[in-house]
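Since the structure comes first, as structure tokens, the remarks are kept for the end.
Rule-based calculations on the coordinates, nothing more; no lab input. These numbers come from a predicted model, not from an experiment. Cβ placement follows ideal geometry from the backbone for every residue including glycine, while neighbour counts extend to all protein chains displayed.
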2 protein chains.
Amino acid sequence: MLNDPIPWLDLSQNERQILSLIRRRGPLPRAALAHVTGLSPQAITNLTRKLIQNGFLDAGEVVRGKVGQPSTPLSLAPEGALFLGLKLGRRLVELALVDFVGHIKIHRQEIYSHPTPERVLAFARQGLATILDSLAPSARIAGMGIAAPFRLWDWGSEMAGWHDVDLSASLAEGLAFPVFLENDASTACAAELIFGRSVLPRDFVHLYIAHFAGGGVVLDGRLRIGPRRNAGALGSMPIPGGRQLLDAASVSTLEQRLGRSLPPDDSGWQVPTDVEAQWIAEAAHALAFVALSATALLDIPVVVIDGAVPPATRRALADATRTAMEALPAAGIDRPKVIEGSLARSARILGAAALPLAHFFEPGGALA
Amino acid sequence: MLNDPIPWLDLSQNERQILSLIRRRGPLPRAALAHVTGLSPQAITNLTRKLIQNGFLDAGEVVRGKVGQPSTPLSLAPEGALFLGLKLGRRLVELALVDFVGHIKIHRQEIYSHPTPERVLAFARQGLATILDSLAPSARIAGMGIAAPFRLWDWGSEMAGWHDVDLSASLAEGLAFPVFLENDASTACAAELIFGRSVLPRDFVHLYIAHFAGGGVVLDGRLRIGPRRNAGALGSMPIPGGRQLLDAASVSTLEQRLGRSLPPDDSGWQVPTDVEAQWIAEAAHALAFVALSATALLDIPVVVIDGAVPPATRRALADATRTAMEALPAAGIDRPKVIEGSLARSARILGAAALPLAHFFEPGGALA
DNA sequence: AATAAATCAATCATGTTGATTAATACGTCA
DNA sequence: TGACGTATTAATCAACATGATTGATTTATT
């Protein structure tokens, strides 16, 4: 799957670095690229020529008004590559086609009471066929990413069918592009890293509060996977009281307090304020503890909090986490900045699509 | 300090990789190097020729008895480069000259009740002069590393003098080589990584129990420093009870229980077994908690425990940590293996010397 | 005239590829 | 038993490919 040097996807590290820089900082002229990459202007000329020819970059309008020859900013070509994302959730499957700049071009979804392999596969296959049919033959799909919770079968007896399903392999059959699978919370982190609208440092920890709590760790601008593909398992972080983060900071905990489950969109989020406030207080305490742990270990300057929750709730969680962190001992370390994510419910599906993007277009394949 | 391309120290990434491989796996023939680096045999021939010419590698006796042409294993040249290490402790300063394979060639030390800048600087300068005098002019010193606890001034009013001392800059003056400074617990980790006799994976966390508790994080074979040079501050990891690791797992805690301080060598370690056992039990609990946190965050497969304690104590700590970890919740993660370090009291001084070594000879400069 | 962006042409550094040589073990045959 | 051919492995040589740098040059602007 990862062994074929598909010619148009075979980018060098320096080409990837250029694309990654423009993705994060917006359109840049060649001179700026030379300066920040440390490469010679000549090398940038050669590399960008190739990238433009291959349809990954567009030359913008020349910028006049400054001393010296005008510069021509280079921007990402939206159709440079397309990516498919499949997100598997507790109540919802989603399939999306995402372009090179992170726009969702096509989106389909289906609601269920609980996911079965048959239903998910049928939805994915049919959606895939429809999408592929609708595309011009010139459209370049680089790959598909799947965001799925780990251990679906732990959710209850009706989920036992997932035990021996290899979603990735089942869907990859017959497709002309590779398929990637990752924990859904990690994909949310990947989305923030690749498509996020926040200003982020090279190192940060991402906490994503959905039915479960999970996260991702970004070091040196790359999402860390870990030797056993289980880094960023923030939901499993131990917290005081013999518990783990996901016991305190997850929507499932809120649902338990509430006595009912919440629908898979913000519009249905009707939660009594006192119940929510209490949940937030406890969750924030756990989040603060975990954030400080990460900082002591990795010198993390920023912790991003996001989740499949309404913006107001996310804000309250972030605020409460900041407050809770003040009460925890931090001798010898600098408390990290807590900021909100920018993608909320769309983080996981965008992150799914970001998996092939990172693999082919980010320096180092963004895997580690 | 780090900007000059001293010719004999200007090694390419591939040269560094070769040296690093041989350092860890022992003498290797060229064919093996080609296989594991992925470079062509021809490239290995060229690179090793240069490394031998420059005095970093020695060709060993050819190995016969196998099918095919005999192979000539290449080993590190002990005099390939020399490194100075200065370790500053609570009761002890040490200065050492360490060769390319991690042997301590010269060692001097001085005991005090508490360190003052004057005394430490005088000791270092005099020792430095003596050592440099004793060396042949052909000896190649690559640099000096300093292992010092952070925030010395927090130890008490008599240490206030350290507030505005830049040890690194003061000592660098007049020296022909660069000086590096790092937290002493981090250098212990660096020593295990570079000179350690244990078999280690590419990712591990190192816990070092001395007067304080600290540690280091190694990812992808590189010691992680962090954007603010404070990664691996494991002593500051929060643990249940509103405390931090160093409140539970440090020799200073033991000394408090004991009502007296312990001398800076194993021979003076006379601790009643019940006091030690109780201390170990509490420390192990905290260590296990921290180990699990690190694993959830980074998918760490191995945690190394070492310290400035007798081997038996270290073993008891490791054993107790393993046990304590079983009692902590670990849903969603694999508990890491707990192993003992191999360097004990010499870890920090060796690690100090390893700082310049890593900077010049490890892939990526081993800083991150 | 100064400045900055971008390119051209020549060169260099560092790798690969494919052919070649060297030294050995092992099977086979006289 | 000893001699000899063959497969195997290590290592190198020579030619070439890739991808960068350097220094001179062109262009468009204040």
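Taking the Cα centre of the protein assembly as shown as reference, the dipole from Cβ charges on Lys and Arg (+1) and Asp and Glu (-1) amounts to some 1140 debye. Summarising the amide proton neighbourhood of residue A:106: residues at separation of 5 or more, or on other chains, whose placed amide H is nearer than 5 Å comprise A:97. From the P(r) of segment B:7-76, can you give the percent of Cα pairs sitting at distances over 21 Å? When all Cα pairs of segment B:7-76 are counted, 18 percent exceed 21 Å. If R0 is 35 Å, what FRET efficiency do you get for residue B:35 and residue A:12 from their C-beta distance, rounded to 0.05? With a Förster radius of 35 Å, E is 0.90. Peptide A:297-310 has a mean shielding of 4, counted as Cβ atoms of other protein chains within 10 Å of each residue's Cβ. Rounded to the nearest 500, the helix-only mean residue ellipticity at 222 nm of chain B stands at -12000 deg cm²/dmol, with each DSSP H run of n ≥ 4 adding -39,500 (n - 2.57).
When the Cα convex hull of the protein assembly as shown is projected onto planes of every orientation, the mean area is 37.5 nm². Counting neighbouring beta carbons within 10 Å and listing from fewest to most, the residues B:105, A:87 come out as B:105, A:87. Inter-copy label distances at residue B:261, using a point 7 Å along Cα-to-Cβ, come to 6.2 nm with the shortest given first. Computed from the alpha carbon positions, the gyration tensor of segment A:228-292 leads to an equivalent ellipsoid with semi-axes of 23, 15, 10 Å, biggest first. Only beta bridges with both residues in segment B:69-155 are counted; by DSSP, about 70 percent of them are antiparallel. In percent, rounded to a whole number, the relative contact order of chain A is 19, using alpha-carbon pairs under 8 Å and six or more apart.
Using only the Cα atoms of segment A:127-195, build the gyration tensor, take square roots of its eigenvalues as a ≥ b ≥ c, and label the shape rounded, prolate or oblate: rounded if a/c is under 1.5, else prolate if a/b is larger than b/c, else oblate. The shape class here is oblate. Note on chain A: dipole from Cβ charges, positive end direction compared against A:103, A:11, A:204; the farthest Cα belongs to A:11. The mean number of Cβ atoms from other chains found within 10 Å of a Cβ in peptide B:214-221 is 3, as a whole number. For residue B:307, the residues whose amide H sits under 5 Å from its own are B:209, B:344, ignoring neighbours fewer than 5 places away on the same chain, with H placed 1.01 Å from N.
Derived scalar couplings between HN and Hα for segment A:146-151 equal 10, 10, 9, x, 6, 6 Hz in order, rounded to whole Hz, by the Karplus curve 6.51 cos²θ - 1.76 cosθ + 1.60 (θ = phi - 60°), x for Gly and Pro.
Between residue B:160 and residue B:261, residue separation times 0.36 nm minus the direct Cα-Cα distance comes to 34.3 nm. Using C-alpha pairs below 8 Å separated by at least 6 residues, the relative contact order for segment A:198-341 is 26 percent. With a/c under 1.5 counting as rounded, go ahead and sort chain A into rounded, prolate or oblate using the C-alpha gyration tensor (a ≥ b ≥ c being the square roots of the eigenvalues; past the cut-off, prolate if a/b is larger than b/c, else oblate). Judged from the Cα gyration tensor, chain A comes out oblate (a/c at least 1.5, b/c at or above a/b). Counting other Cβ atoms within 10 Å as a rough exposure proxy, the listed residues B:182, B:79 run B:79, B:182 from fewest neighbours to most. 3J(HN,Hα) along segment A:82-87: 10, 9, 9, x, 10, 10 Hz, from the Karplus curve 6.51 cos²θ - 1.76 cosθ + 1.60 with θ = phi - 60°, whole Hz, x for Gly and Pro. Comment: the Cα-to-Cβ extended label point of residue A:36, at 7 Å, lies 3.8 nm from its counterparts in the other copies, nearest first.
For segment A:231-254 versus segment A:170-222, the spacing of their alpha-carbon centroids is 19 Å. Magnitude of the charge dipole for chain B, about its Cα centre and with charges confined to Cβ atoms of Lys, Arg (+1) and Asp, Glu (-1), is about 880 debye. For segment A:314-331, 3J(HN,Hα) computed residue by residue from phi via the Karplus equation (6.51, -1.76, 1.60; θ = phi - 60°) reads 4, 4, 4, 4, 5, 4, 5, 5, 4, 5, 4, 5, 5, 7, 8, x, 9, 4 Hz, glycine and proline entered as x. In a reduced charge model with +1 at each Lys and Arg Cβ and -1 at each Asp and Glu Cβ, segment B:7-76 shows a dipole moment near 200 debye about its Cα centre.
Of all lysines in the structure, those lying under 16 Å Cα to Cα from residue B:105, and not within fewer than 8 positions of it along the same chain, are B:87. In this structure the amide hydrogen of residue A:300, modeled in the peptide plane, comes within under 5 Å of the amide hydrogens of A:295, none closer than 5 places in sequence on its chain.
Summarised in one figure, the compactness ratio Rg/Rh of segment B:237-368, Cα atoms and Kirkwood Rh, is 1.00. Distance from the axis that maps chain A onto chain B is least for the Cβ of the chain A residue given, with the whole Å value, as A:240, 2. Arranged from fewest to most other beta-carbon atoms within 10 Å of their beta carbon, A:146, B:104 become B:104, A:146. Within chain B, DSSP assigns beta bridges of which about 60% are antiparallel (rounded to the nearest 5). For the protein assembly as shown, the share of DSSP beta bridges that are antiparallel, to the nearest 5, is 60%. Each residue, residue A:334 and residue A:112, gets one label point 7 Å from its Cα in the Cβ direction; the gap between the two is 4.8 nm. Segment A:295-342 and segment B:261-279 have Cα centres separated by 40 Å. Helix B:273-298 and the longest principal axis of the C-alpha atoms of chain B enclose an angle of approximately 60°. Looking at segment B:82-190, the pairs of alpha carbons with a distance over 23 Å make up 24% of the total.
Cα centroids of segment A:21-61 and segment A:92-138: 33 Å apart.
With its label point put 7 Å out from Cα toward Cβ, residue B:60 sits 5.8 nm from the same residue's point in the other copies, in order from shortest.
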